[in-house]
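Let me begin by presenting the structure, written as C-alpha cells, before commenting on it.
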Amino acid sequence: MPAEIRKLIVQVDETRREMGRDVNPPTRRALAMAVITNPFAGRYEDNLDALIAIGEELGALLGDKCVQALGIQPGQAQSYGKAAIVGEAGELEHAAAILHPKLGAPLRKAVEKGAALVPSAKKQGGVGTAVDVPLGHKDAAFVRSHFDAIEARVADAPRANEIVVAVAVTDSGRPLPRVGGLQAHEVIGQDGLR
C-alpha cells in the first residue's frame, strides 16, 4: 500500500552569520516532511508491514526532496537524520515501523553512500507537535561538527489519524564548529564511525 500523502513540506535553513561573524560558505540544512494517513489509526495491528513499506517509499521521496532543495549532487550531502510524529489515534510503534526497517536504504541512495547510522527520533502528539530531527555525518558518526538537529513542525498535523514523517539532509556541519574531533575532510567512511 503506497503512502496516502495529504501534504509535503520542504524548507531550507541557511545560516550566513553567527555571533557577528560571516559563515562562508553558509551552512545549509534541508528538511522534507510528509503528512500521511496512518492506516492503523485507532486499532492494534500485529503486522506493521504496510508502514514498513511506506517508510521505504518516503525514504526515497523525502531524501530526494532534500537533496534537490539544497541544489547539490547526492555525494555532496554531509549529514542526515529522520523523525516521525504519530497522531493520538496511533502508537509510537507506528513511527518505529516507518523509520527503522527500510527507510534508511533509499535515503542512503539519495545522499550517495551513508555508511553511518541515520539518527532518529519519534514521538506522539497532536496538531502542531514539533520534533527535533537529530543530525549526524552520513559516513562517520564521530564527526562532532555535524552533531546537530533541526526542528520539524507542521501547523495542522498530525491529526489523530496521521503521521508526520521528516527527513533532514545538510551540505555542511554547524556554523563555526570548534569542538575538535574528527574533521569532515578526514573521513574514511568505511565503518560508519570514522
Checklist line | Compactness of the stretch 5-186 as Cα Rg over 2.2 N^0.38 Å, two decimals | finding: 1.02
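Counting only complete DSSP H runs, which helices of the chain cover 20 Å or more along their long axis at the Cα atoms and score a mean Kyte-Doolittle of -0.5 or above? Present the calculation step by step, with values, prior to reporting the outcome.
Values: long enough: 49-70 (32 Å, 0.88).
Helices meeting the span and hydropathy rule in the chain are 49-70.
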Checklist line | Share antiparallel - DSSP beta bridges, the stretch 57-153, percent rounded to 5 | finding: 60
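Over the Cα atoms of the stretch 47-125, Rg to Rh with Kirkwood Rh, two decimal places?
1.00
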Notebook entry, point to check: Using only the Cα atoms, what convex hull volume per residue in Å³ does the stretch 100-139 have?
Noted result: 86
Check: Under the rule of -39500 (n - 2.57) per DSSP H run of 4 or more residues, summed and divided by the residues of the chain, what mean residue ellipticity at 222 nm is obtained, to the nearest 500 deg cm²/dmol?
Finding: -6000 deg cm²/dmol
Checklist line | ALA141 long-range amide H proximity, modeled H, under 5 Å | finding: LEU193, ARG194
Next item on the list: Kindly work out what percent of the DSSP beta bridges joining two residues of the chain are antiparallel, to the nearest 5.
Entry: 85
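Computed from the coordinates by the stated procedures, all read-outs in this text should not be read as laboratory data. Everything numeric in this text was worked out from a predicted model, so none of it was measured.
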